[in-house]
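Below you'll find the structure, written out as structure tokens, and then a few comments.
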Amino acid sequence: MKVPSRLQPLVEDGLIDDVLYPLMSGKEADIFVVRCGRDIRCAKIYKEAYKRSFKKAATYTEGRKVRNSRRARAMERGSSYGRKQQEEVWQNAEVDALYRLAAADVRVPQPYGCFDGVLLMELITDEEGDVAPRLGDVTMSAEQALEDHAVLVNYVVRMLCAGLVHGDLSEFNVLVDPQGPVIIDLPQAVDAAANNNARAMLLRDVRKVTEYYGLFAPELLDSHYGEEIWELYEEGELSPERVLTGQIEQDDTPADVDSVMLEIKAALEEEQERQERMREAELGPDAD
């Protein structure tokens with residue numbers, strides 16, 4: 001196939017030998033399957049900010065540290081240089097997260113570097129060598145659902161112990177290979193200690209994956225793993241080896257109506273985004 005313009009410099013530099021086919025086109029990035037020597041990998045091309053439609057980006061980037069003070073000031077002012085630096089920070093966040101999580105024994109694609117807005121990384125495959133399916137395309141027994149849910153919850157714990165919250169975890173950004181779940185899509189990962197929205201994001205991450213696994217193991221729907229994980233984290237008692245129960249003490253304090261309404265509004269927005277993602281998946285790799 002014709003080499004996309006954004007991948008041409010990587011081909012010229014010998015980082016990519018062949019562009020095989022497009023894997024998917026989304027709102028934040030386009031992904032191609034490429035050959036690098038004898039290895040088949042992914043090339044994720046991040047879209048420029050004005051083409052991206054990732055909602056509430058400022059919510060996710062809160063607390064991200066920029067060591068260079070000049071860059072930080074430019075980003076705050078919103079100058080053209082500052083916007084360019086913001087793009088680099090956004091793109092490099094995924095690479096940094098992948099390395100940190102791999103070191104924490106979280107299953108993520110192995111990164112091979114980010115070059116001018118293109119992330120080269122491992123291609124996750126099934127037993128036949130084809131691209132592994134997303135969790136949302138997989139059905140399973142109740143026993144398998146309970147087992148894989150426990151694995152994924154443990155990954156959430158390991159991520160938090162490494163200081164990160166995925167921030168957009170769902171059945172759409174978890175792949176399933178013969179060894180189990182693999183977490184993908186991490187440019188929006190947040191700093192758990194520095195981002196005021198980290199708790200809400202973690203609770204949402206756990207809820208969304210629990211709701212999917214709950215389709216096959218309904219008993220999961222009565223669990224409260226997210227609340228338990230965050231409570232242990234705040235108390236300094238969270239570790240990857242900690243045995244979770246999924247249960248917490250119920251709070252009898254009267255409900256905060258305003259907060260409940262905000263939760264309902266957020267849930268409606270999430271469902272709308274979910275429907276948009278499903279429509280994109282149905283349209284196939286040429287959708288944009």
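Taking other Cβ atoms within 10 Å as a rough exposure proxy, Arg279, Arg207, Arg35 sort from fewest to most as Arg279, Arg35, Arg207. Diffusion coefficient (Stokes-Einstein, Kirkwood radius over C-alpha pairs, 10 °C, 1.306 mPa s) for region 135-282: 98 µm²/s, rounded to a whole number. Shown for Ser239, Ser223: other C-beta atoms within 10 Å of each C-beta, ranked fewest to most, produce the order Ser239, Ser223. Close amide H partners of Leu123, meaning residues 5 or more places away or on another chain with modelled amide H under 5 Å apart, are Cys42. Shape summary of region 130-195, radius of gyration then Dmax from alpha carbon positions: 12.7, 39 Å.
On full extension, the segment bounded by Met278 and Ser239 gains 10.6 nm, given 0.36 nm per residue less the C-alpha separation. For Asp17, the amide hydrogen comes within under 5 Å of the amide hydrogens of Arg35, Cys36, Gly37, counting only partners 5 or more places away or on other chains and with H modelled in the peptide plane.
No lab work stands behind these numbers, since they all come straight from the coordinates. As the structure is a prediction and not an experimental result, all values here were calculated from the model. Ideal geometry is used to build each Cβ from the backbone, glycine not excepted, and the neighbour counts take in all protein chains shown.
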